[in-house]
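Peer 1: Shown below is the structure under consideration.
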Amino acid sequence: MKTTDMKETRAKGGSCKDRENHLLVILEVLVTLLWVYMVVRWIYYPSTLITLGYLWGLVWVAVKHPRWLPVVLVVTVPLEVSKEFIPAYSLSERVAGYNVSILDFFRIAQLAISLRWLSDLWQGRKLAKDKIRVWIRVKKDALLWLPILLLGVYLLSTVFSVSPKHSLTETVRLFSLLITFYFAVAYIRDEKDLQRLGYTLIGVGSVLGLIAIGEYFTGHFFFSATPAVVINRRANATFADPNILGRFLVVTFLFSVAELERRAFWKKRLLPLVAILLQGAGLGITGSRGGILALAVSTVIFVVLIPRRKLTLSALVLMVLAIIAAAVLNPVIMARFESLRTGLLSASGGIREYLWRSGIAMVRDHPLFGVGVGAFGFSFTTIYPYFNPYSTFYVSLSHTAILTVLAETGFLGFTMLYFLFGKTIQRGWDISRLVSHERLRFLSTSTVAGVIAIFVSAQGEGRLYEEPLLWILWAMLVSVSRLTNEKIGKDSL
């Protein structure tokens with residue numbers, strides 16, 4: 001009987017592999033046809049080969065190793081340059097004032113993880129049943145149901161918006177990120193998955209730091225940069241904006257510090273140390289003042305959650321030295337950092353004062369639901385143009401996340417922001433207090449500090465909920481919480 005059962009099991013396993021291989025071949029053929037269409041529709045150039053390689057690799061991961069899909073999301077977050085790789089799939093007309101790329105690498109990864117989850121659900125596998133538990137846990141975990149309330153706030157804000165098209169666009173964006181968030185939670189199932197994401201962040205941050213250094217010395221930028229960025233040689237790597245690169249490097253630094261702390265021997269600490277040097281140099285070259293502030297605040301959060309760690313202080317000193325060394329090479333960047341001593345308003349050259357005043361006026365006139373999510377710029381240029389002291393609209397966004405949330409979604413949206421980020425800090429504190437498991441503690445601390453780094457950075461350039469990395473970090477924190485509950489044997493988080 002046992003021999004017969006083993007044969008049946010092997011036969012079923014072989015049958016599943018055959019189906020997977022057949023599906024893999026079919027999907028690879030389909031994406032190749034998409035690539036051929038792109039080449040036919042657009043002039044052939046080398047980036048199309050990169051796109052084809054990415055599509056082949058993504059399909060292989062989705063079919064053969066679906067638990068690596070969150071890793072693909074992390075890798076593709078910085079690849080904003082990929083929008084330039086596939087122009088044939090950009091819409092010919094602007095939508096609500098935006099240039100819309102139907103396909104870029106991150107959006108394709110979002111689509112892949114969604115289709116894989118639906119495929120598992122359709123086939124009724126045990127794996128799919130495990131994933132359905134994500135939805136069952138929603139009512140127990142505030143970090144799972146608060147985002148749904150946030151979506152509700154966005155919908156209400158759209159209804160009362162002064163520019164429904166802009167608001168609908170931002171609501172759709174948030175919905176897509178929420179779907180990605182929940183599916184990422186479904187595929188981050190154990191410590192190995194979490195640690196894999198941590199290693200990926202460290203590796204990607206190191207590569208980006210190296211690219212930033214190369215951009216600075218060569219003057220060649222991978223992404224279309226503004227004249228000011230090119231003239232000042234503020235590296236942006238594969239991002240559209242140096243400040244977003246700076247923010248990403250701060251988050252990866254926190255995971256590098258955690259890895260440095262976890263390793264017992266100095267030989268094993270060499271790789272995290274090299275990563276910290278590259279990330280620090282890259283951050284310095286970006287000239288991102290918001291990145292520097294985010295580094296300071298998030299490091300404090302890290303030290304509070306895991307106190308009495310000498311290596312953390314040493315890593316921060318090393319990071320600062322790398323930043324200074326990189327900034328000293330460029331007087332313009334050094335001047336940007338030194339301007340922080342005069343205060344935030346002075347550092348911004350007074351440019352944002354009138355934006356803040358217009359934002360306060362929006363809050364005063366629309367206190368509950370705001371002017372509509374994504375409608376700050378429209379409101380400023382059409383309803384509140386008298387706040388603009390210039391003959392043209394030099395800047396039309398507040399570049400301050402808290403003020404943007406208040407102006408666009410009112411006190412309702414601000415309340416959601418308070419609970420989401422407040423719960424994040426509380427969750428990090430609870431995990432550090434309840435868990436003695438070293439890896440989970442460091443993963444939790446790095447994740448929470450990373451979320452706070454994004455929040456602080458967003459007060460300088462404005463991108464908060466639109467940041468994909470924020471939702472990936474929240475997915476990691478939810479998974480750490482679940483594993484923590486399993487370790488202590490009760491739902492304490």
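Peer 1: Net charge within 15 Å of Trp266 by Cβ-Cβ distance, Lys/Arg positive one each and Asp/Glu negative one each, not counting Trp266 itself?
Peer 2: Details: positive: Arg262, Arg263, Lys267, Lys268, Arg269, Lys310; negative: Glu259, Glu261.
Surrounding charge for Trp266 is +4.
Peer 1: Using 26 Å as the Cα-Cα cut-off, could you pick out the over-long pairs in Lys267/Lys423; Lys140/Lys192; Lys192/Lys267?
Peer 2: In this structure, Lys267/Lys423 exceed 26 Å between Cα atoms.
Peer 1: Still on this structure, I have one more. Which ³J(HN,Hα) values in Hz, rounded to whole numbers, follow from the phi angles of region 372-389 under the Karplus curve 6.51 cos²θ - 1.76 cosθ + 1.60, where θ = phi - 60° and Gly and Pro get x?
Peer 2: So the J values, rounded to whole Hz, are x, 4, x, 9, 4, x, 4, 5, 5, 7, 10, 9, 10, x, 5, 7, 7, x.
Peer 1: If packing is taken as the average count of other Cβ atoms within 10 Å, what order do 202-214, 398-410 fall into, highest mean first? List each step's numbers first, then the result.
Peer 2: Working: 202-214: 21.9, 398-410: 24.8.
Sorting 202-214, 398-410 by mean packing, highest first, produces 398-410, 202-214.
Peer 1: Additional query: Need one value: the accessible area of Thr169 in square angstrom, 1.4 angstrom probe, rounded to the nearest 10.
Peer 2: My reading of the accessible area for Thr169 is about 40 Å².
Peer 1: Convert each backbone phi in region 361-369 into a coupling constant with the Karplus relation 6.51 cos²θ - 1.76 cosθ + 1.60 (shift: θ = phi - 60°), then list the ³J(HN,Hα) values in order as whole Hz, x for Gly and Pro.
Peer 2: In residue order, the calculated couplings are 5, 5, 5, 5, 7, 9, x, 8, 9 Hz.
Peer 1: In debye, nearest 20: dipole of region 155-298 around its Cα centre with unit charges on the Cβ of K, R (+) and D, E (-)?
Peer 2: On the way: 14 positive and 8 negative charges, 52 e Å.
Result for region 155-298 is approximately 260 debye, rounded to the nearest 20.
Peer 1: So how exposed is Glu20, as accessible area in Å² (1.4 Å probe, rounded to 10)?
Peer 2: Near enough 50 Å² of accessible area.
Peer 1: Quick check: pseudo-label points 7 Å beyond the Cα along Cα→Cβ at Ile179 and Glu20, how many nm apart are they?
Peer 2: Placing both labels 7 Å along Cα→Cβ, they lie 2.5 nm apart.
The values are calculated or read from the model by the stated rules, or taken from the named source; none is laboratory data. The structure displayed is predicted, hence computed values, not measured ones. So basically every Cβ, Gly included, is an ideal-geometry build from the backbone, and we count neighbours across all protein chains shown. Ligands, DNA and RNA are excluded from the accessible area calculation, which covers all protein heavy atoms including side chains. Shrake-Rupley method; radii C 1.70, N 1.55, O 1.52, S 1.80 Å.
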